[in-house]
Amino acid sequence: MKRLVILGAGTSGTMMANHLVSKLPKKEWSITIIDQYKTHYYQPGFLFLPFDVYTTKQVKKNGKKFIPKEVDYIQQKIDLIKPEDSKVILENGDEISYTILIIATGTKIAPDETEGMHGPKWYKNIFDFYTFEGAKSLRNKLREWQGGKLVVHITEMPIKCPVAPLEFAFLADSYFKNKGMRDKVEITFVTPLDGAFTKPKATKALHYLLEEKKIKEVTDFNIERVDYENNKIIDYADTEVEYDLLVTVPTNMGDELIERSGMGDDLNFVPTNKTTLQTENYDNIFAIGDATNLPASKAGSVAHFEAEILTENILRYINGEPLKEEFDGHANCFIETGNGKALLIDFNYSHEPVEGTFPFPGVGPLKLLKESRTNHMGKMAFRWIYWNMLIKGIHIPFVSATMSEKGKKLEEVNE
Amino acid sequence: MKKLIVNREIDVNEEGYLLEFKQWDREVSECIAGECEIVMTEKHWEVIEYIQDKHLKEEPLSIRGIKKSGVINIKEFYNLFPGGPLKKATMIAGVPKPKSCI
């Protein structure tokens, strides 16, 4: 019997288990998925939890519900991958041999990487919203906060869902307006990049949002430390930004398992071929989603498109056929802009987000790179799609794994 | 768009970043550096080579990467490329600036 082992039962791992269970011949193959956690979180919901838009119940479910019965689900912490022996060692000492391994261990926040961040003020007036605990603590803080300087901050790139911090700033503007206290809050967006928007088309189309919402930008800010005693963040050029409430996106890193196994780069991401999803160093190991070092966005939609292509490449690998070099970095993301509106962006490795319609060329109904209520409805409907279609590996109609160039104003694109 | 750099037509984007890495050479680099009021030294070239190497390997550039590179420490990096060192150093290196998805 041959065995395919998936490490991680998050968005990517769960999708792969669902895709492969019907594709691998049952007489020859068994599938095992390993994850230490019982709960499967709807991570896009962490953006809404702080603003009381979603309840805690709406963003978490028992992960087991989404793993097919035929798949062996092991709830254990993984201690080590031994790629030379094609084995995985669990924390309890069990050894699991594999024929093929899929790494889907994701990315985590690493607030310890910045001096003073993960200190006595963590979850007092310094918060993340990339974890369930962070988003929930921040919700409780916002419920009672009387106003002051709100600083929304990105530590360094790459981060999961790169637009989420900007969405957070937009939603904060709406939230405080609705509470009748917007005049008591100053919102500042602090980024290591050279703007809240970094691509020419998006900057031109969307910069008005910052002005309209009176969000201040501090750019090229590379944080050196958090001075939690005096409530300010300080960068390497000695620029200081004061805060009363700091909402930060800490450094993102791959799982420590990858570091322990000696399989990652500086940030514990796994070097992976960007078109085939096979890892660079081992033919029988593949990687998907946030765990890879791909130059694509770390986002659920990217993982979704990768899963369709990876499924095909696993089958090709088993049959001894050449792998398809098909993944193009496709991402498709709704961006909340507040006041019940949202944007939609669609892009890949070589094309920046542009204006147009989606998914039907010239028709829509969704508009690319423009604010609309329909896009917001799309984002809200997505939670249902996630739980009921996406992680179950059900194809989303009309949305293809590679990016379509139809219905888009691509003619002026240059990077 | 085209920009005349050392009497050659070079393809650049609206912000002045090279679109074709193969059009880059040290002369072009020195000229762009001059526009940023930077005079290139041996140490500058070491940093430029490190940045180009990361770009060719498609690895993301960050201040952390510079810190761990062994080429230079961060204070020196700021001294060599004052005011937004990553965006200036990438422009001089002929590679795209670090960016987000929008």
Which of the residues spanning the stretch A:225-238 are modelled with pLDDT of 95 or more and of a type outside the set (D, E, K, R)? A:VAL226, A:TYR228, A:ASN230, A:ASN231, A:ILE233, A:ILE234
For the stretch A:210-239, how many residues are assigned to a strand (DSSP E or B), in contact (Cβ under 8 Å) with a residue 40 or more places away in the chain and within 13 Å of chain B (Cβ to nearest Cβ)? 3
State whether the residues of the stretch A:346-358 include one that is surrounded by fewer than 17 Cβ atoms within 10 Å (Cβ to Cβ), without any contact (Cβ under 8 Å) to a residue 60 or more places away in the chain and not hydroxyl-bearing (Ser, Thr, Tyr). no
Pair list, Cβ < 9 Å and 6+ apart or interchain, from the stretch B:1-18 residues that are at the interface with another protein chain (Cβ under 8 Å from one of its Cβ atoms) and touching a residue at least 60 places away in the same chain (Cβ under 8 Å) to residues that are in a loop (DSSP other than H, G, I, E, B) and surrounded by 10 or more Cβ atoms within 10 Å (Cβ to Cβ): B:GLU15/A:ASP194; B:GLU15/B:LYS97
Scan of the stretch B:75-102 for residues that are free of Cβ contacts under 8 Å to residues at least 60 places away in the same chain, closer than 25 Å to A:LYS298 by Cβ and facing chain A (nearest Cβ under 7 Å), ordered by number: B:GLY84, B:LYS87, B:PRO98, B:LYS99, B:SER100, B:CYS101, B:ILE102
Has the stretch B:25-45 got at least one residue that is surrounded by 12 or more Cβ atoms within 10 Å (Cβ to Cβ), within 14 Å of chain A (Cβ to nearest Cβ), within 9 Å of B:ILE92 (Cβ to Cβ) and in contact with a helix residue (DSSP H, G or I) (Cβ under 7 Å, 6 or more places away or on another chain)? yes
Say whether the condition of being over 24 Å from the mean Cα position of the chain (by Cα), part of a strand (DSSP E or B) and over 27 Å from A:ASN268 (Cα atoms) is met by at least one residue in the stretch A:111-120. no
With respect to the numbered conditions (1) within 14 Å of chain B (Cβ to nearest Cβ); (2) closer than 30 Å to A:LYS26 by Cβ, which one is the sole condition not fulfilled by A:SER301? (2)
Condition check for B:LYS43: within 21 Å of A:TYR349 (Cα to Cα), at pLDDT 90 or above and not aromatic (Phe, Trp, Tyr): no
Answer residue from the stretch A:148-173, given it is assigned to a helix (DSSP H, G or I), aliphatic (A, V, I, L, M) and within 14 Å of chain B (Cβ to nearest Cβ) and is farthest from A:ILE187 (Cα to Cα) among those: A:ALA164
Consider the stretch A:190-209. How many of its residues are touching a residue at least 24 places away in the same chain (Cβ under 8 Å) and more than 12 Å from chain B (Cβ to nearest Cβ)? 1
So in the stretch A:9-46, with the set limited to residues that are in contact with an Asp or Glu (Cβ under 6 Å, 6 or more places away or on another chain) and not hydroxyl-bearing (Ser, Thr, Tyr), which one is surrounded by the fewest Cβ atoms within 10 Å (Cβ to Cβ)? A:VAL21
Restricting attention to the stretch A:277-308, the residues that are surrounded by fewer than 24 Cβ atoms within 10 Å (Cβ to Cβ) and in a strand (DSSP E or B) number exactly 4
Against the condition charged (D, E, K, R), in contact with a helix residue (DSSP H, G or I) (Cβ under 7 Å, 6 or more places away or on another chain) and facing chain A (nearest Cβ under 9 Å), how does B:GLU59 come out, does it pass? no
For the stretch A:240-252, check the following and say yes or no: at least one residue is farther than 19 Å from A:ILE126 by Cα, out of contact with any strand residue (DSSP E or B) (no Cβ under 6 Å at 6 or more places or on another chain) and within 14 Å of chain B (Cβ to nearest Cβ). no
Entirely in the stretch A:328-415, the strands (runs of 3 or more DSSP E) that have 2 or more residues that are at pLDDT 90 or above and under 30 Å from B:GLU59 (Cα atoms): A:331-338, A:341-347
Residue selected from the stretch A:214-232 under the condition crowded, with 20+ Cβ neighbours inside 10 Å and in contact with a Phe, Trp or Tyr (Cβ under 7 Å, 6 or more places away or on another chain), by the criterion nearest to B:GLY84 (Cα to Cα): A:ASN222
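The values are calculated or read from the model by the stated rules, or taken from the named source; none is laboratory data. Model, not experiment: these values are computed from the prediction. Backbone-built Cβ (ideal geometry, glycine too); neighbour counts: all protein chains shown.
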